[in-house]
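Student: After the structure tokens below, expect a handful of questions from me.
The values are calculated or read from the model by the stated rules, or taken from the named source; none is laboratory data. Owing to the predicted nature of the structure, the values given are computational and were not obtained by experimental measurement. When we count neighbours, we look across all protein chains shown, and the Cβ atoms used for this are built from the backbone with ideal geometry, even at glycine.
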Amino acid sequence: MNHQEKNELLMAEYEIYFSELQTKFDEETKATLSLPLLMHIFPEYDNLARKVMVVGQETKGWYGALSDTTKNPTNIIGCYKKFELGKDYYSSPFWRFGKTLFSKLNPSNNPNGLLWTNLSKVDQNGSGVNQDVRKKNKAGYDLLVKEIAITKPEIVVFLTSWREDDTLKATFGKVTFEKIEDIPYEYLVRVKNENLPHNTFRTYHPRFLNDSTRSKYTINEIIEKVKNNCG
């Protein structure tokens, strides 16, 4: 399938999810939740040598609140396209990680070929969601499994920190974490699950890796480890 066919499959899933999401929360809660992050695959994805997906934690506000009745999957995806994979956010540790990793694996290709999605499809007041929202938004976590199945990346990197390992287990089912070389578990592991490609890794959020006063490894060092351990 090319990117257009995959986008059509994603849209079908997004329409079902968005409709269901509207029924899960009262208006007061909706006002605290962002619109969901819904992906778009750019044409550059089709011809990549190595297809890469980065998975973040959640957005920090995303083009309005879930309570905005003027929004639908089509114009939410329009926001994703306009954002253009953080085109104006290169100084952001998250986007520096994603685009540097992409360019290491696809040196001559436009970074619009990168895939980006999040573990939580919504944020709450610009941050992580509470446990009640997590439970009611189970379909949002299940949606990540479907996104990976449709887009079929060769390499997936969860930039979610070890603190979300239980969420990965709840989302994907039977998951094992395999240490890489002599790197401490919390910094980098291979994530193994039947619904994930062999080259799936989990590391800290790049914001932590970017802090030399706390992190033992830099963003570039973790990227090199990921690259060197891709089979």
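Student: So is Ile222 of a type in the set (A, V, I, L, M, F, W, C), more than 25 Å from Ser19 (Cα to Cα), more than 13 Å from the chain's Cα centre (by Cα) and at pLDDT 95 or above or not?
Tutor: yes
Student: Out of Thr203, Thr176, I need the residue that is surrounded by 15 or more Cβ atoms within 10 Å (Cβ to Cβ) and not aliphatic (A, V, I, L, M). Which one?
Tutor: None of the others qualify; the one that does is Thr203.
Student: In the stretch 1-36, what count of residues is obtained for those that are outside any helix (DSSP H, G or I), touching an Asp or Glu at 6+ places or on another chain (Cβ under 8 Å) and not polar (S, T, N, Q)?
Tutor: Adding up the residues that qualify gives 2.
Student: Can you name the condition, by its number, that Thr218 falls short on among (1) surrounded by 16 or more Cβ atoms within 10 Å (Cβ to Cβ); (2) farther than 16 Å from Val54 by Cα?
Tutor: (1)
Student: Return the residue satisfying two criteria in turn: it lies in the stretch 82-96 and is touching a Phe, Trp or Tyr at 6+ places or on another chain (Cβ under 8 Å) and not basic (Lys, Arg), and of such residues it is surrounded by the fewest Cβ atoms within 10 Å (Cβ to Cβ).
Tutor: Among those that are touching a Phe, Trp or Tyr at 6+ places or on another chain (Cβ under 8 Å) and not basic (Lys, Arg), it is Tyr89.
Student: Inside the stretch 73-164, counting only helices (runs of 4 or more DSSP H) that do not spill past its ends, which hold 1 or more residues that are farther than 18 Å from Glu20 by Cβ, under 13 Å from the mean Cα position of the chain (by Cα) and touching a residue at least 60 places away in the same chain (Cβ under 8 Å)?
Tutor: Ranges flagged: 93-105, 138-151.
Student: Restricting to the stretch 8-28, name every residue that is out of contact with any Leu (no Cβ under 6 Å at 6 or more places or on another chain) and crowded, with 18+ Cβ neighbours inside 10 Å.
Tutor: The answer is Leu10, Glu13, Phe18, Leu21, Phe25.
Student: While we're looking at this one, here's another question. In the stretch 37-63, which residue that is in a loop (DSSP other than H, G, I, E, B) and among the β-branched types (Val, Ile, Thr) is modelled with the lowest pLDDT?
Tutor: This residue is Thr59.
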